[in-house]
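Only one structure is covered here, and it is reproduced in the block below.
The values are calculated or read from the model by the stated rules, or taken from the named source; none is laboratory data. Predicted, not measured: the structure shown is a model, and the values here were computed from it. Backbone-built Cβ (ideal geometry, glycine too); neighbour counts: all protein chains shown. Each accessible area value is taken on the protein alone, full model and side chains, heavy atoms only, with ligands, DNA and RNA left out. Shrake-Rupley method; radii C 1.70, N 1.55, O 1.52, S 1.80 Å.
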Amino acid sequence: MRIEIKLRPIGEDPILPFNYNYEVYRQIVDKITLISPDIAKEVELSHVDHFTFSRILVRKRELLPERGIRILSDTVSLYVSSHSPEVIQAIVEGFMTSPSMKIGETDFVADDVKPLKEPRIHNGVLFSTLSPIIVRTVKFENNRMKIWDLYPSEPTFFDKLRKVMLLRYSELYGRTPEDSLFKIEVVKFKPVRILVADTYYRGSLMIFRYFGSQEIASFGYDLGFGEKTRYGFGMVKVIDEDRAKSGEMGG
């Protein structure tokens, strides 16, 4: 299930900081807490990720290298997705109860919260990321263990992504998917680095074609591909190739 939250900035010269993932995560949890403290506790304390969210989409903007993104459009969009109707309902009701949100020094108000139509996810579907995909491994340097972020240009990225998705699926549902085989073919990717709390994560914005397990495809659409999805990583959208060829936006 997926919703779009239209946020209207309040005040003059609204600036969106470059690194806002943790602030958005905390405020989504706060909205859930307003409606259901029990669900919020499960979401926050569980090692399983129960939702993911997109980058904040600013359609008209100006980049200020030392400050962030100057918002020139009337509203911006935030997408939130989950496998759980209860989590989505709590988020929606939370924003309806308390529509205000603060990111960096800018205040926002939620003008609209609406559910989105579920796309058809077929074999060979083309996905585009709405937030970067994080895939990590462990390396040893100078007899010390180091966390290493992987990019699609590294062969180990794909094996680790498959292991991560199967582990996350089995942790959530208590079983492995009936079909556990899948592969992705990357069309293009762009490396990015994002600060979450006090940790930098390196991830990849990408367009990729997905083949294989329908269960993993749906799981990835609902809860993100890769790791750390609760902090706003790994969200994808389906590119409608027929519409894209005709010059329209993909969904």
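Values computed for the structure shown
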read-out	value
Residue that is under 28 Å from Val192 (Cα atoms), touching an Asp or Glu at 6+ places or on another chain (Cβ under 7 Å), surrounded by fewer than 16 Cβ atoms within 10 Å (Cβ to Cβ) and not hydroxyl-bearing (Ser, Thr, Tyr), where the choices are Leu116, Leu126	Leu116
Test result for Leu167, at pLDDT 95 or above and open to solvent by 20 Å² or more (accessible area, probe 1.4 Å)	yes
The one condition in (1) of a type in the set (Phe, Trp, Tyr); (2) touching a Gly at 6+ places or on another chain (Cβ under 6 Å); (3) not in a loop (DSSP other than H, G, I, E, B) that Phe189 fails to fulfil	(2)
Whichever residue in segment 192-203 is farther than 17 Å from Phe157 by Cβ and loosely packed, with under 15 Cβ neighbours inside 10 Å and, among such residues, is nearest to the chain's Cα centre (by Cα)	Leu195
Within segment 170-183, tally of residues that are open to solvent by less than 90 Å² (accessible area, probe 1.4 Å) and either among the charged types (D, E, K, R) or not assigned by the TED database to the domain that holds Arg202 (or both)	2
Answer from Thr33, Thr75 - the residue that is polar (S, T, N, Q), farther than 15 Å from Ser131 by Cα and touching a helix residue (DSSP H, G or I) at 6+ places or on another chain (Cβ under 7 Å)	Thr33
Boolean, Val186 is open to solvent by 20 Å² or more (accessible area, probe 1.4 Å) and β-branched (Val, Ile, Thr)	yes
For Met145: the one exception among (1) modelled with pLDDT of 95 or more; (2) open to solvent by 30 Å² or more (accessible area, probe 1.4 Å); (3) among the aliphatic types (A, V, I, L, M)	(1)
Set Glu66, Glu44, Glu93: member being in contact with a helix residue (DSSP H, G or I) (Cβ under 8 Å, 6 or more places away or on another chain) and surrounded by fewer than 16 Cβ atoms within 10 Å (Cβ to Cβ)	Glu44
Condition broken by Lys146, with the remaining ones in (1) outside the structural domain of Glu42 (by the TED database); (2) in a loop (DSSP other than H, G, I, E, B) satisfied	(2)
Segment 129-142, subset hydrophobic (A, V, I, L, M, F, W, C) and open to solvent by 40 Å² or more (accessible area, probe 1.4 Å), residue farthest from Glu241 (Cα to Cα)	Phe140
Members of segment 155-186 found to be among the aliphatic types (A, V, I, L, M) and in a helix (DSSP H, G or I), listed by number	Leu161, Val164, Met165, Leu166, Leu167, Leu172
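Conditions tested, residue by residue: (1) farther than 24 Å from Ser218 by Cβ; (2) more than 21 Å from the chain's Cα centre (by Cα); (3) modelled with pLDDT of 95 or more.
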{"site": "Thr137", "(1), (2), (3)": "yes, no, no"}
{"site": "Thr176", "(1), (2), (3)": "no, yes, no"}
{"site": "Val187", "(1), (2), (3)": "no, no, yes"}
{"site": "Lys190", "(1), (2), (3)": "yes, no, yes"}
